[in-house]
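Presented below is the structure to which this report refers.
The values are calculated or read from the model by the stated rules, or taken from the named source; none is laboratory data. As the structure is a computational prediction, the values presented were derived from the model and not from experiment. Counting neighbours? That spans all protein chains shown, and the Cβs are built from the backbone with ideal geometry, glycine included.
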Amino acid sequence: MSNKLELNHQYINEIKTHFQNQYQGKMDSEFIENTLKSFDTLNSRQQHTITLSLKGFLFYAYLEVDDLDTDAKFTGNAGGVGLGLSVADGSLYTAGGFSFADIYKQTVSFQVNSLPAYFNVNFFNSKSQILGHVQAASIGLGFVGGGKGKWKTKS
């Protein structure tokens, strides 16, 4: 268990570094500071199984995330850079203090980090607080960016 938590902590620190490098000087400093603080609340104890796909080219991508445990589905449009073609299987985790219901109801924006073998999505509410994140093994070409989107649930 300790190794798993250390590994998760390592990924969270890498995500924070990428986020800061990507948005420093491009976004309001208060937004960046609040977002970086919210990464510290990530909690790996609650998770759902997901599949996802990212389709796009150069500066645009369309993201779909399917929560296989609840049949909830996220769709979003991202601006960024990359070839933007990926499929992945992994887990959706809640951030500390938030539930899956919060993720489904409050998500207004997201950040995506896609590499050929790894995929990360971070979901944010209107206060730029991180609600949850996806960690997944992927097959793809890579894309980094963010945008707006929402979850649809059957209930």
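All conditions in (1) more than 18 Å from Gly140 (Cα to Cα); (2) crowded, with 21+ Cβ neighbours inside 10 Å hold for Leu52, with the sole exception of (1). The set of residues from the range 4-17 being loosely packed, with under 15 Cβ neighbours inside 10 Å and at pLDDT 80 or above comprises Asn13, Glu14, Thr17.
Find the strands (runs of 3 or more DSSP E) located wholly in the range 67-155 whose residues include 2 or more that are surrounded by fewer than 21 Cβ atoms within 10 Å (Cβ to Cβ) and basic (Lys, Arg), and list them.
Numbers: elements: 73-82, 85-95, 109-114, 118-124, 130-140, 143-152.
Of the strands (runs of 3 or more DSSP E) lying wholly inside the range 67-155, those with at least 2 residues that are surrounded by fewer than 21 Cβ atoms within 10 Å (Cβ to Cβ) and basic (Lys, Arg) span 143-152.
Let's see how each residue does on (1) touching a Leu at 6+ places or on another chain (Cβ under 9 Å); (2) of a type in the set (Gly, Ala, Ser):
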| position | (1), (2) |
| --- | --- |
| Asn77 | yes, no |
| Val87 | yes, no |
| Ser91 | no, yes |
| Phe98 | yes, no |
| Ser109 | no, yes |
| Val112 | yes, no |
| Phe124 | yes, no |
| Gly132 | yes, yes |
| Gly145 | no, yes |
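Could you check the range 116-126 and list, in sequence order, the residues that are in contact (Cβ under 8 Å) with a residue 40 or more places away in the chain and closer than 10 Å to Gln106 by Cα?
Within the range 116-126, Phe123, Phe124 qualify.
Would you call Val112 under 16 Å from Trp151 (Cα atoms), in contact (Cβ under 8 Å) with a residue 24 or more places away in the chain and in contact with a His (Cβ under 7 Å, 6 or more places away or on another chain)? In short, no. You will find that of Thr153, Thr107, Thr94, Thr75, the residue that is over 15 Å from the mean Cα position of the chain (by Cα) and of a type outside the set (D, E, K, R) is Thr153 and no other.
Within the range 30-43, one or more residues are modelled with pLDDT of 85 or more and outside any strand (DSSP E or B).
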